[in-house]
Amino acid sequence: MVMPATIEDFFFDLLSPREILRWSRINFQSHQAVKSYFRRNFKISRILGKFFKSSEIPLFRYLQHRTGMVISGSAALQFLDRADYGKDTDLDVYVELRFCERICDWLQEIGYGFVPVETLPGLEFADMLSQSLHSFHRIANHEMFYRSKKIHTYFGRGITKVFNFTRDGHKIQVITTESSPIEVILNFHSTCVMNFITYDKAYSLYPQATFEERRSLLTRDSRLGDSFTKYQGRGWTMIPRITSWAEREDPNAAFGASRRFVGDEKCWVLPIHPPLSISHTTQTTAIEANSWALAYDPRDNWKANMQSHNLASKHLKFRYTVADTEVASFINVFFRPLDDMTRKEPTTAEDYFFSLLSPATLLRYSRTSRTAYYAVKSYMRRSFKLSDVLSPYFTPQEILYFRYLQWKYNMLISGSTALQFFNRGASFKFNDGESDLDIYAELRFCERIGEWLTQIGYVFHQRTIRTPRTFGAALNATTPLYANTAQDLRFYESSERPYIGRGIANVFNFRRNGRKIQLIASDSVPLEIILNFHSTCVMNIITYSKAYSLYPLGTFEQKRSLLYSTQGTNQEAAIRKYAKRGWKMLRGITDEHERENPKAAFGQGRRFVGDGKCWTIRIEPAMPFGMDGVSGAMGLGMNMGMEMGMGMVASMSNPIEANSWELKYDDEDPDMKYRAQMAFYNLSGRIFKFKYMVADLDMVLHIDTFFGGRNRRIAGSEIDTWAREGYKDEELRMLIKWKLVNAVNPND
């Protein structure tokens, strides 16, 4: 129920959107007052009522829904600004040319008359449309992915034709676009008019500057004319360029250089009242598949430049803008031959297309339509199957038992195999004979794993002529670095063994039919070894139920790998190998903003496995066993979903997620300046089935307080079948997650 206008409206009219938001958080009454104010003042009839009867407005919005038409220009700005620019304001609507005929026909049906342009006074609407469509079909049939072009010196970038209609002194301009209407809006003269209204939401692309700071940044291709004076008169400071380096480089600033998409956290997204009464469709958020980049040209005195490429295909209902040049190249390679692939199965064509996209781009594509969503979901299930990477080493029956051993002993897959699993072979293929299957487990569990490998036909091979010749002898010769650590709740720092590496107790090699498996035994938690790898691009793991990439943004989106400061055997050779495979190897992060930014790929701070910066993928098919005995009986309920997370994510618990660490940089030691350090403590105790990593001393004290007393009360030998009170691994996982998600990070 919408309350009538009150004296509060006068008060709220004087506040900016952000100030109104703050006011709404004071108490329940202020929240309700602001909610009612928004419903009264952001009704679409306030704009459309000048041009349409009340019965015509729902039909107009339905056409918006069906055609992707948006309202922009002064009408959208005054709607969001809660202003009235006078009776002379036109209604500017933007739509792809191929959808304009039904809109223009409807306008004429309700009494609007077509007004020919002055230069061609005798040309009727049908003739103008026919001429425009001829050019459009030429582009649609032959150019699937293309840069925008200045079609006409007056119309500007991306505009094909403008059709004018009038009724009772009111003027509507139907502005047709070559590609997405967003392309035209991004090429407006300045940012204060980069706003638009769809059938159900209003969007402001630069709200902080437009409504809070009252600033408007001029774009590189601006033709200001009277616009400069007009918008200055309406209260905006027109900025030719951003002279501050700090503001240009700060992605959180109003005009910070960054890649953006419609509806991101820097946008102001406002639901339209009243909501349109239609059934839920896949086009609800299609507009949010558009992306662009705000960049600055140092060759043109740091003028602002809105960068985007156009995406068009008969496989998509609408056209889109795409910010990423690399993705643009991939799509260009794919879409041209796709239209001729009629002989191939749809899944084959889709797989080829999706294999060219990065994980984040794949996620965005899935949001364009219902068809795209299910196509991506199906692709994820086909492409991320553990059997694909294990089949060279095991039979299907052996894979099932191998995954059972993963569950029982918390065994991990890492190295090139895990990286190949995440990378889908898009950038390189591991066919050079260098890639083995590397599996990691605590030393105390290796005997059972090695025996099973021997039973299925794998033969143990000594690493050097000086090492034992049999697996049993090699295992017996391996001395645990931390003896009897399972008896008490203990925390200890990582140590490095000579000639092997930090956290590694021994390496056992097995071969069968030309395939090699390395069973790498850890002194403590296997993840300790992985976090001491040479660089972040190989910090990926596969468990029995989920796969985790610890630094996916740097690894798969930016193709960067941060080198870790620990030196080990063959480090330089490994660095050269991954540089050859396409990664830029970084010996440090010199950009202070990136080091301090917790959202950056390599921003310092505390992390845990499976957190918001990880890419987590559910392993298909789900296995018919859970974590019984670790912390009571747990079901195998799944919650399939797409996230940056970027993948199919399972909701089932996994003990690996109880591990945490801290990425930090040493700014004091000149020899280590800007070099990355993975900091953590090792944790063991009889109340836990497995060993774990803890991020820092604060977490150590927290865990000791929480579990210390219970650990001392439990009696039993090392690795009992189950501890008397049941293992507390799941409680540890929940404690770590709660502590790190809810606590304020000191590095934030």
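The values are calculated or read from the model by the stated rules, or taken from the named source; none is laboratory data. Note that the coordinates shown come from a computational prediction; the quantities given were computed from them, not determined experimentally. Heads up, the Cβs are rebuilt from the backbone with ideal geometry, glycines too, and the neighbour counts pull from every protein chain shown.
For region 528-543, a tally of residues being in contact with a helix residue (DSSP H, G or I) (Cβ under 7 Å, 6 or more places away or on another chain), assigned to a helix (DSSP H, G or I) and hydrophobic (A, V, I, L, M, F, W, C) returns 2. Within region 209-233, the set of residues being within 14 Å of LEU77 (Cα to Cα) and modelled with pLDDT of 85 or more comprises ALA209, THR210, PHE211, GLU212, ARG214, ARG215, SER216.
I'd like the full set of residues that are hydrophobic (A, V, I, L, M, F, W, C), part of a helix (DSSP H, G or I) and either in contact (Cβ under 8 Å) with a residue 60 or more places away in the chain or surrounded by fewer than 17 Cβ atoms within 10 Å (Cβ to Cβ) (or both), limited to region 25-62. Let's see the steps before the verdict.
Here is the first cut: in region 25-62, the residues hydrophobic (A, V, I, L, M, F, W, C) are 26, 28, 33-34, 38, 42, 44, 47-48, 51-52, 57, 59-60.
Among the residues that remain, those that are also part of a helix (DSSP H, G or I) are: 28, 33-34, 38, 47-48, 57, 59-60.
Residues satisfying the conditions are PHE28, PHE38, ILE47, LEU59.
Answer yes or no: is there a residue in region 87-100 that is among the β-branched types (Val, Ile, Thr) and part of a helix (DSSP H, G or I). Can you show your working first?
In the first step, residues of region 87-100 are kept if they are among the β-branched types (Val, Ile, Thr); the result is 89, 93, 95.
Subsequent filtering for residues that are part of a helix (DSSP H, G or I) retains none.
So far as region 87-100 goes, no, none of its residues is among the β-branched types (Val, Ile, Thr) and part of a helix (DSSP H, G or I).
Annotation note: Cβ proximity below 7 Å between a residue of region 526-540 that is small (Gly, Ala, Ser) and a residue that is part of a helix (DSSP H, G or I) (sequence gap 6+ or interchain) occurs for SER535/ILE575; SER535/TYR578.
The single condition from (1) surrounded by 19 or more Cβ atoms within 10 Å (Cβ to Cβ); (2) modelled with pLDDT under 85 that ILE287 fails is (2). Name the residues in region 63-80 that are closer than 17 Å to THR176 by Cβ and part of a helix (DSSP H, G or I), would you? Residues satisfying the conditions are LEU63, GLN64, ARG66, THR67. When you scan region 669-688, do you find a residue that is at pLDDT 60 or above, charged (D, E, K, R), within 19 Å of ALA441 (Cα to Cα) and in the same structural domain as LYS408 (by TED's automatic domain parsing), even just one? Yes: one or more hits.
Could you list, ordered by first residue, the pairs with Cβ atoms under 6 Å in which the first is in region 365-392 and over 24 Å from PHE261 (Cβ atoms) and the second is part of a helix (DSSP H, G or I), at least 6 apart or interchain? As it stands, the answer is SER387/ILE399; VAL389/THR417; VAL389/PHE421; LEU390/ILE399, since those pairs meet every condition given.
A single member of ARG466, ARG490 is modelled with pLDDT of 65 or more, of a type in the set (Lys, Arg) and closer than 30 Å to ALA679 by Cα, and it is ARG490.
Is at least one residue of region 564-579 at pLDDT 90 or above and either assigned to a strand (DSSP E or B) or among the charged types (D, E, K, R) (or both)? Let's see the steps before the verdict.
Within region 564-579, the subset at pLDDT 90 or above is none.
No.
Among residues belonging to region 170-205 that are aliphatic (A, V, I, L, M) and not in a helix (DSSP H, G or I), point out the one that is nearest to the chain's Cα centre (by Cα). Applying the filter and picking the extreme gives LEU205. You will find that of ARG343, ARG370, ARG299, the residue that is modelled with pLDDT of 85 or more and of a type in the set (Lys, Arg) is ARG370 and no other. Filtering region 524-550 to residues that are over 17 Å from LEU562 (Cβ atoms) and among the polar types (S, T, N, Q) leaves SER524, THR543, SER545.
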